[in-house]
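Notes follow the structure.
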Amino acid sequence: MILVTGGAGFIGSNFIREWLMHSNETVINLDKLTYAGNLQNLASISNDSRYIFIQGDIGCQELVSGLLEQYCPRAVINLAAESHVDRSIHGPGEFIQTNIVGTFQLLETVHAHWLTLDGQAKCGFRFLHVSTDEVFGSLESEEAAFTETHRYQPSSPYSASKASSDHLVNAYHKTYGLPTLMTNCSNNYGPYQFPEKLIPLMITNALVGKAMPVYGDGRQIRDWLYVSDHCSALRRVLETGRPGETYNIGGWNEKRNIDIVQTICALLQELVVPSPVGDYHKLITYVADRPGHDTRYAIDARKIERELNWKPAETFDSGIRKTVQWYLDNQDWIASVQTGSYRQWIDQHYGRSVHENTAVR
Ligand code: NAD
Ligand code: DAU
């Protein structure tokens, strides 16, 4: 079996559902259930005998060592993290705690457990740490995409905390020989993404006629990957990646934020007929820029393509269409995650003026 941390979040829940479609191996999901963790994301497999959920913190060494001893998983896939850049700017403490201290404590626990193994269990064991392209900082428009050896230059408390955790993971490999694998992936999108991130925020706001808040001039570039493609890459790295190696994962889909938002408006115009809010494009609203906003990310994914024979299955056009359709089909899910604490965040971060209903008819 395998142990996944952060499996109730966006990527983790997609990973677990897809894992069970591709394998008969049991998955243990260890998740603290922060605001971003939602067991509804896993409702379709909650009764599957191959799925075990444990609520808890990756930093709780007693709990984690008990789980490792009891279940003896062949791999740990670490997806647990605080993941939202804007929240890290408002309050970095939780990011330091989970992404740095929590990862350190998890490494300590996993390392101690790994030392008790022998034979195939020991040499086949893997610790897969899921990281981000944000650790590399920002690219100028003419610069080549990030390779695995690009220097680390994080800009936000979030990316600095992820960079720090990456260094710890590499140190546990180099110093103690722990068989680690690391991935640095670009921006994911798809079903079950919490509506604080660009794409689901824009879709969910537009559906109720609220402003679509674009930071600064909207010309910042991100490299987008449909979440299933990230999950298939993680499975491939787990099975055939070489311990101690890092693999960049990306979809070769560099897009300006404003172009993404325009695409969402166009898709909604096509798919929601008649439109209850008139022209969605009129909802686009430029707001104050994110402090320290990285202007461009781009992933060079040739290593994973060449060495592990992985390629994404979705184009951006197919993935964004599926995503918009998923949010249209799952409005109960949207309503259920937009709880009181979510609304509080929106008011705190964007201010009431942008987010009060600004329906255009
Ligand atoms: P998410 O915020 O949707 O989910 C994070 C999950 O981790 C939640 O279920 C939360 O409850 C859980 N969690 C948080 N702190 C925990 C703790 N201390 N112990 C146990 N569980 C805890 O995040 P996501 O977008 O699914 O990202 C997952 C991972 O992938 C993160 O490490 C993130 O840095 C990385 N990543 C994300 C993206 C992206 O575009 N979303 C891209 C590249 C890498
Ligand atoms: O690159 C990988 C990273 O992608 C992951 O490591 C992070 O966990 C994930 O959150 C994401 O980080 P970003 O900061 O790129 O994602 P976000 O969706 O917050 O923002 C994407 C872009 O859209 C960014 O340039 C900021 C902009 N934006 C975002 C929001 C929420 C807006 O213009 N308006 C908004 O309201």
Can you list, largest first and rounded to whole Å, the semi-axes you get for the chain by taking the square root of 5 times each eigenvalue of its Cα gyration tensor?
34, 22, 19
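Sort 288-299, 224-235, 330-341 by packing, meaning the average of other beta carbons within 10 Å per residue, with the highest value first.
Top of the packing list down: 224-235, 288-299, 330-341.
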Taking the chain as the reference, fit the longest principal axis to its C-alpha atoms, fit the long axis of helix 340-350 to the helix C-alpha atoms, and give the angle between the two in degrees, 0 to 90, nearest 10.
70
Which angle from 0 to 90°, rounded to the nearest 10, does the C-alpha axis of helix 103-115 make with the longest principal axis of the chain?
30
Full-extension gain between residue 52 and residue 315, please, as 0.36 nm times their residue separation minus the C-alpha to C-alpha distance.
91.4 nm
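Over segment 1-345, what is the relative contact order in percent, taking alpha-carbon pairs closer than 8 angstrom and at least six residues apart?
18
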For segment 33-42, in order, what is each residue's ³J(HN,Hα) by Karplus, 6.51 cos²θ - 1.76 cosθ + 1.60 with θ = phi - 60°, in whole Hz (x at glycine and Pro)?
6, 6, 3, 8, x, 9, 5, 4, 4, 10
note: segment 62-168, Cα-Cα separations exceeding 19 Å make up a percent value of 52
What does DSSP give for the chain in terms of the percent of beta bridges that are antiparallel, rounded to the nearest 5?
10
Stick to Cα atoms and the Kirkwood definition of Rh, then tell me Rg/Rh for segment 192-334.
1.02
As a quick test, which of the pairs 210/311; 32/322; 255/303; 210/255 have an alpha carbon distance above 25 angstrom in this structure?
210/311; 32/322
Could you tell me the distance between the Cα centroids of segment 1-50 and segment 70-134, to the nearest Å?
16
For residue 222, enumerate residues with amide H under 5 Å from its amide H, sequence gap 5+ or separate chain, H modeled in the peptide plane.
255, 257, 297
Most fluctuating of 21, 202, 182 in the GNM of the chain (C-alpha, under 10 Å) is 21
In Å³ per residue, the alpha-carbon convex hull of segment 1-122 encloses 99
Folded to 0 to 90 degrees: helix 10-22 orientation relative to the chain principal axis, Cα:
60
Take the alpha carbon atoms of segment 308-340, find their center, do the same for segment 209-265, and report the distance between the two centers in whole angstrom.
12
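Per residue, what accessible area does segment 1-345 have, given a 1.4 Å probe and all protein chains present, in Å²?
Per-residue accessible area for segment 1-345 comes out at 40 Å².
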Report, in deg cm²/dmol and to the nearest 500, the calculated mean residue ellipticity at 222 nm for the chain, where each DSSP H run with n ≥ 4 adds -39500 (n - 2.57) and the sum is divided by the residue count.
-12500 deg cm²/dmol
Which ³J(HN,Hα) values, rounded to whole Hz and listed in residue order, are derived for segment 314-322 from phi using the Karplus coefficients 6.51, -1.76 and 1.60 in 6.51 cos²θ - 1.76 cosθ + 1.60 with θ = phi - 60°, glycine and proline given as x?
9, 8, 5, 4, 6, x, 6, 5, 4
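The values are calculated or read from the model by the stated rules, or taken from the named source; none is laboratory data. Please read these numbers as outputs of a predicted model, since none were measured by experiment. Quick reminder, even Gly has a Cβ in these numbers, built from the backbone with ideal geometry, and neighbours come from all protein chains shown. For accessibility, only protein heavy atoms count, side chains too; no ligands or nucleic acids. Shrake-Rupley method; radii C 1.70, N 1.55, O 1.52, S 1.80 Å.
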